[in-house]
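The values are calculated or read from the model by the stated rules, or taken from the named source; none is laboratory data. Fair warning: this is a prediction, and the values are worked out from it, not measured in the lab. Counting neighbours? That spans all protein chains shown, and the Cβs are built from the backbone with ideal geometry, glycine included.
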Amino acid sequence: MKKFLTITTTAILSLVLFGCPPKTTETATTGTGGTEGDIVVGEYGSLTGAEATFGQSTHNGIMLAMDEINGAGGVNGRKVRVITEDDQSKAEEAASAVQKLISQNNVVAVLGEVASSNSLAAAPICQSNQRPMITPSSTNEKVTQVGDYIFRMCFIDPYQGEAMANYIYKTLKLTKAAILVDVKSDYSTGLAANFERTFVANGGRIVGKQSYAKGDSDFRAQLTTLKGTNPDVLFVPGYYNDIGQIAIQARDLGMKQPLAGGDGWESPKLIEIGGKALEGSFYSNHYHVDDPSPAVREFVQKYQARFGAQPDSLAALGYDSARVLVDAIKRAGTTDGAKLRDAIAQTKDFSGVTGNITLGPDRNPIGKKLVVLQIQNGKLALKDVVDPMAGSAPPAAAATTTAAATDTTDTVTSTARTQ
Amino acid sequence: MQTLLQNLLNGIAAGSIYALIALGYTMVYGILKLINFAHGDVFMIGSFVGFYAGNYLAKHNGDAPSAVNAAIAMLLAMIVCALLGFLNERIAYRPLRNAPRIASLITAIGVSFLLEYGGQFVFGPDPKFFPTLIEKNVINFGGVVTTNYQLIVLGVAVVFMGLLQYIVYGTKFGRAMRAVSFNFETASLMGIPTDRVISTTFIIGSVLAAVAGILYGLSYPKIDPLMGIMPGLKAFVAAVLGGIGNVPGAVVGGLIIGIVEAFVGGSQFSNWRDAIAFIILIVILLFRPSGLFGKYEPEKV
Amino acid sequence: MRLLPRTWWLRDLILLVLYIGVIYLAWIALEYGAVYWPVMRYYNRIIVLLGINVILAVSLNIINGHAGQFSLGHAGFMAIGAYGAAYLTVTWFGPFVNKFPPESVQRIVWQNVFLLLAIGVGAIVSAIAGYIVGLPSLRLRGDYLAIVTLGFGEIIRVVILNVEAVGAARGLTGIPAWSNFFWVFFFAGLTILISHRLVMSSVGRAFLAVREDQIAAEAMGVDTTKYKVKAFIIGSCLAGVAGALFAHYSPAYLNPTMFTFIKSFEVVAMVVLGGLGSITGSIIAAIILTILPEGLRYVKDIYPGMRDPRMVIYSIMLIVLMLTRPQGLFGRRELWDFLPKRKDTIPKEGRDEGDSGDKLDRDSGPPVT
């Protein structure tokens, strides 16, 4: 017995030593190497699978930006080429796709994903290979916490949840909210939790909370229960493809309350599927497609000319991400991973479609603008603008909208919220 | 009380869709002992045919929902799905008739993948809005609300159940089906054209899937190429629950799953809804290893 | 000439030591290669994932192929192993190891000790789950068992989705990326060895008996109940090992969506494509089905601007492969059965001759579905 123990211990110990990584001095491989030829940028996204439309929109936005840049002569005299890999909306595929982009195609930086879970799977790969990654629209806080090579172009869940809670409680003066959350989506559960916290802290009451799983088609059971709690507003932080169905079924059941949600609602398809059922409902978003500012008008026009559809906020964020990246390459003057990272981190007052972009020390944008849009007569109307950078002054855009929206005293002014 | 009744009704409505899909599963399983995992995707194709046909007709015959448009769309979907079911059996399953049954299971999975990925390739991966083929009416029974769609789905499910029961037990073809199901080789020795019987069964199953696809599109007007996976799986569970191969069992199983899901969905445990169908299944199979209406066949020596 | 001793355990030990040496050298070669050719990192990743798939396929082959119990819940077992192991490393082992300075010898040794410990725990937790799931198999046969195991896998996924401690829908982040090529292939080799030894052992013979004819087996005094559950325990235990290795491999991130029934289907496809009951078949099928979708990434470069057809081609190839080799690539034979036979190797009886046994009777056939 003693002999047996000795032998097994030695065996395990020697195995453990075998398992030690061989000492390979990681020479930081520079991006596309020399200064000749195209600059290759990688993009990974859900071009097929459950979240395909988000991937498609983002992809369109990125391509539009890149074509524009190349049309204007490229960066530092070189053209930018995008290589896109599909991850089928699966996290493990995202990791492989990004590894392929980095090692096979030797991309200088990576753009993507929408769904936070896919970004979380890809980010460690970018971090360990020292290639910057910019996620256009993953709102989960954890994504940029992976490391100093990971950046984000949008606001994060707590910010959005707070803004909606404040808007509903303080601006609309609604005190009873019911929540219908997508339990399968980190985005939805995160947003719901943040909404609930602020709403309750404000003095509001959450009268009911039910969950569904994205891809479900029948929500009547949950809605029946929520109807019984008689809320003033139904907060549904889900994705647009489920929202339409939820709205229709809620109206069938005789619920008259408005629905409210976050940026996951944003899509030209939202109103197509939801139709009249969504009338009066509202959600928070990154930008307003009818915003009169010249930057937005120009973007919308170009996008419509090229793709024949209205750009949603994912397309806008994809567009901004690509342009921020190219701007950083221009400023860095090189495609070296570490230098490019520093250049992206120093992005300041970059004028994007979704507002002015300044990256903070946590690699999230500081004080991004948030708009509240309401569906009125089958169109989106701007109801409120939360612009932390604008201080307490009423945002110009909000003044142009209907009387109900002029109350901007509750505008979130603290920049700390984004951190 | 009203909530209770409403949820019962919600459950019956959702369950009827499961029941319709489950009928197709149970037919094919009954005769071939093959879990046709592609069935849920045939259902998706039915929906998409309805989508394209409905939109085309709306463009040419005017926008207003009309019974004629609905009938044509339904017929087209049935034809396309029948063809698909036939080809599916011919290409992917028949060559494996004498191979281990698990081989055809893998081709079934392969066909299912093919229809899902192919659907995303051809139709595009984004969700589509299913056209309103029939005007929707909300019906209110003293506070308990339903729509005419839900009643249609339930009615169609029950009618098809009766029809299938009649085909299987009341016609000569049904007798042939049962013979093939009972013993394939003996049946063929008795002069039953087994290949034709199996093909026809697949066609019937696929037509059912097409009907389910259209009705699903009407009730839940958002369709996408991956829409068949979850309803397909739940319907399969329903078929097993009722005793796979048993026609009334499929409908009862579908309704049970629909109702239980509705009650769980409306309770505070709504986050467990996806698991509940399987939990019931496991519990029932532990007590009745062949499902509710299935005959338990102890192994023969 | 005889190179290896006749005693089986001595022979296995020598083979194992040789194998460890080979994979160690291969690993060093890969790591050094990656310094000069960055593309090796991508290949490295695919090869490691392939190793994990080999473990999954070979372990499922024990349940589905050898014992003839049709399980569709392998992703669930993998998930349990992955989450069980990762939870330990995230909460206790990781912080402990982080106390040592990076690159120090203690840190590296502890990291590997804890990795092994975590894998062990993952394996045990999965084995317990396998025992629980194996119990219904006493009453259920064929397709009914298949759907129950599938349901079990889905239940596991929903449970994980509702446990905030392991990240719920957000997924489990912050797992240390400790597993690597060496460990994955060490365990792949071990799995193959265990599986091979099992077939040769009395337990394996009992599995085959249960698969071929349960009643006859019982009549011959085989405790079928015991062996069915045993198959589930062994198979799920190894799936747990695969899960634990997967959890700790870069990007070291777990999400419930990684373990849907589609994943189980993929593993079943590997086993059936390789040939039910053939270990080498499972390995080769796992290699083919892992490399195929990656290799097809290049198809879209041929027709730029079109939708990526790679998964369409993948599914067509899966169907075509199955149609051309319905009994699986190797049937029930092993790779070496195709080689010229030596007289002094393992006796032939008990080994199936492949195709002849595959044509199952449709009605009274064994519970192989």
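The set of residues from region C:128-152 being in contact with a helix residue (DSSP H, G or I) (Cβ under 7 Å, 6 or more places away or on another chain), surrounded by fewer than 24 Cβ atoms within 10 Å (Cβ to Cβ) and away from chain B (no Cβ under 14 Å) comprises just one member, C:Tyr131.
Against the definition (polar (S, T, N, Q) and surrounded by 20 or more Cβ atoms within 10 Å (Cβ to Cβ)), how does A:Thr225 come out, yes or no? Give the steps one after another, and end with the answer.
On the way: polar (S, T, N, Q): yes; surrounded by 20 or more Cβ atoms within 10 Å (Cβ to Cβ): yes.
Answer is yes for this residue.
A search for C-beta distances below 6 Å between a residue of region C:25-44 that is more than 19 Å from C:Thr290 (Cβ to Cβ) and at the interface with chain A (Cβ under 9 Å from one of its Cβ atoms) and any residue that is of a type in the set (A, V, I, L, M, F, W, C) and assigned to a helix (DSSP H, G or I), counting only pairs 6+ apart in sequence or on different chains, returns C:Ala34/C:Met40. Criterion first (among the charged types (D, E, K, R), crowded, with 24+ Cβ neighbours inside 10 Å and either at pLDDT 90 or above or over 19 Å from the mean Cα position of the chain (by Cα) (or both)) does A:Asp242 satisfy it? Yes; evaluated as a whole, the condition is true for this residue. Listed here are the helices (runs of 4 or more DSSP H) enclosed by region C:257-314 that have at least 3 residues being within 10 Å of chain B (Cβ to nearest Cβ): C:261-274. Taken as a whole, the structure leaves A:Ala201 outside the set of residues that are surrounded by fewer than 24 Cβ atoms within 10 Å (Cβ to Cβ) and under 21 Å from B:Asp224 (Cβ atoms). Taken over region A:68-102, the criterion of being touching a helix residue (DSSP H, G or I) at 6+ places or on another chain (Cβ under 8 Å) and more than 13 Å from every other protein chain (Cβ to nearest Cβ) is satisfied by A:Glu68, A:Ile69, A:Val75, A:Asn76, A:Lys79, A:Val80. Taking region B:80-100 as the search range and keeping residues that are among the charged types (D, E, K, R) and in a helix (DSSP H, G or I), which one is surrounded by the most Cβ atoms within 10 Å (Cβ to Cβ)? Step by step, filter region B:80-100, then rank; the result is B:Glu89.
Against the test of being more than 30 Å from A:Ser117 (Cβ to Cβ) and outside any helix (DSSP H, G or I), the options C:Gly221, C:Gly204 yield a single qualifying residue, C:Gly221. The set of residues in region A:139-195 that are of a type in the set (S, T, N, Q), farther than 21 Å from A:Phe282 by Cα and under 13 Å from the mean Cα position of the chain (by Cα) comprises A:Asn140, A:Thr144.
What about C:Val90, is it over 19 Å from C:Leu60 (Cα atoms), over 21 Å from the mean Cα position of the chain (by Cα) and more than 14 Å from chain B (Cβ to nearest Cβ)?
Spelling it out, C:Val90 is indeed over 19 Å from C:Leu60 (Cα atoms), over 21 Å from the mean Cα position of the chain (by Cα) and more than 14 Å from chain B (Cβ to nearest Cβ).
Tell me yes or no: at least one residue of region A:267-284 is outside any strand (DSSP E or B), touching a Phe, Trp or Tyr at 6+ places or on another chain (Cβ under 8 Å) and at pLDDT 90 or above. So far as region A:267-284 goes, no, none of its residues is outside any strand (DSSP E or B), touching a Phe, Trp or Tyr at 6+ places or on another chain (Cβ under 8 Å) and at pLDDT 90 or above.
Give the residues of region A:163-181 that are in a loop (DSSP other than H, G, I, E, B) and crowded, with 18+ Cβ neighbours inside 10 Å, sorted by residue number. Passing the criteria: A:Leu172, A:Leu174. Within region A:119-129, the set of residues being farther than 22 Å from A:Pro365 by Cβ and either among the small types (Gly, Ala, Ser) or more than 11 Å from chain C (Cβ to nearest Cβ) (or both) comprises A:Ala121, A:Ser128. Within region B:67-76, is even one residue part of a helix (DSSP H, G or I), touching a residue at least 12 places away in the same chain (Cβ under 8 Å), out of contact with any Cys (no Cβ under 6 Å at 6 or more places or on another chain) and facing another protein chain (nearest Cβ under 8 Å)? No: region B:67-76 contains no residue that is part of a helix (DSSP H, G or I), touching a residue at least 12 places away in the same chain (Cβ under 8 Å), out of contact with any Cys (no Cβ under 6 Å at 6 or more places or on another chain) and facing another protein chain (nearest Cβ under 8 Å). Where residues in region B:51-66 are in a helix (DSSP H, G or I) and more than 25 Å from the chain's Cα centre (by Cα), which of them is nearest to B:Phe123 (Cα to Cα)? Among those residues, the one meeting the criterion is B:Tyr56.
Taking region C:210-234 as the search range and keeping residues that are free of Cβ contacts under 8 Å to residues at least 24 places away in the same chain and within 14 Å of another protein chain (Cβ to nearest Cβ), which one is nearest to C:Ser126 (Cα to Cα)? It would help to see each step written out before you state the result.
The initial filter retains those residues of region C:210-234 that are free of Cβ contacts under 8 Å to residues at least 24 places away in the same chain, namely C:215-224, C:226.
From what's left, within 14 Å of another protein chain (Cβ to nearest Cβ): C:215-220, C:224.
Details: C:Ile215: 29, C:Ala216: 31, C:Ala217: 28, C:Glu218: 28, C:Ala219: 32, C:Met220: 31, C:Thr224: 22 Å.
Once the filter is applied, the top-ranked residue is C:Thr224.
All of (1) out of contact with any Phe, Trp or Tyr (no Cβ under 8 Å at 6 or more places or on another chain); (2) more than 21 Å from A:Ile248 (Cα to Cα); (3) more than 10 Å from chain C (Cβ to nearest Cβ); (4) of a type outside the set (Lys, Arg) hold for B:Ser206 with one exception: (1).
For region C:153-185, filtering for residues that are in contact (Cβ under 8 Å) with a residue 24 or more places away in the chain, more than 7 Å from every other protein chain (Cβ to nearest Cβ) and in a helix (DSSP H, G or I) leaves 9.
Considering every residue within region A:221-231, establish whether at least one is more than 27 Å from A:Leu111 (Cα to Cα), basic (Lys, Arg), touching a helix residue (DSSP H, G or I) at 6+ places or on another chain (Cβ under 9 Å) and within 14 Å of chain B (Cβ to nearest Cβ).
Looking only at region A:221-231, we keep the residues that are more than 27 Å from A:Leu111 (Cα to Cα), and these are A:221-231.
When the remaining residues are screened for being basic (Lys, Arg), the result is A:227.
Checking the rest, the ones that are also touching a helix residue (DSSP H, G or I) at 6+ places or on another chain (Cβ under 9 Å) come to A:227.
Keeping just the survivors that are within 14 Å of chain B (Cβ to nearest Cβ) gives A:227.
Yes, region A:221-231 contains a residue that is more than 27 Å from A:Leu111 (Cα to Cα), basic (Lys, Arg), touching a helix residue (DSSP H, G or I) at 6+ places or on another chain (Cβ under 9 Å) and within 14 Å of chain B (Cβ to nearest Cβ).
Please note which strands (runs of 3 or more DSSP E) are completely contained in region A:338-419 and include at least 1 residues that are at pLDDT below 85 and surrounded by 15 or more Cβ atoms within 10 Å (Cβ to Cβ). Spell out the reasoning first.
Working: elements: A:350-352, A:355-357, A:370-376, A:379-386.
Fully inside region A:338-419 and qualifying: A:379-386.
Residues that are within 11 Å of chain B (Cβ to nearest Cβ), farther than 30 Å from A:Lys79 by Cα and hydrophobic (A, V, I, L, M, F, W, C) occur in region A:257-270; there is at least one.
Return the residues of region A:296-337 that are among the acidic types (Asp, Glu) and part of a helix (DSSP H, G or I); say none if nothing qualifies. Even if it seems obvious, please write down each step before you answer.
Here is the first cut: in region A:296-337, the residues among the acidic types (Asp, Glu) are A:298, A:312, A:320, A:327, A:336.
A:Glu298, A:Asp320, A:Asp327, listed by residue number.
What are the residues in region C:186-205 that are over 19 Å from C:Ala79 (Cβ atoms) and within 14 Å of another protein chain (Cβ to nearest Cβ), if any?
Our first condition is that a residue be over 19 Å from C:Ala79 (Cβ atoms); within region C:186-205, this holds for C:186, C:188-190, C:192-205.
Result: C:Phe186, C:Gly189, C:Leu190.
Taking (1) at pLDDT below 75; (2) in contact with a helix residue (DSSP H, G or I) (Cβ under 8 Å, 6 or more places away or on another chain) in turn, C:Pro340 satisfies each apart from (2).
The set of residues in region C:87-114 that are β-branched (Val, Ile, Thr), under 26 Å from C:Asn255 (Cβ atoms) and free of Cβ contacts under 8 Å to residues at least 12 places away in the same chain contains only C:Thr91. Across region B:254-287, which residue is surrounded by the fewest Cβ atoms within 10 Å (Cβ to Cβ) among those that are more than 12 Å from chain C (Cβ to nearest Cβ), assigned to a helix (DSSP H, G or I) and of a type outside the set (A, V, I, L, M)? Of everything passing the filter in region B:254-287, B:Phe263 is surrounded by the fewest Cβ atoms within 10 Å (Cβ to Cβ).
Look at A:Gly254 and say whether it is in contact with an Asp or Glu (Cβ under 8 Å, 6 or more places away or on another chain), at the interface with chain B (Cβ under 7 Å from one of its Cβ atoms) and touching a residue at least 24 places away in the same chain (Cβ under 8 Å). Answer is no for this residue.
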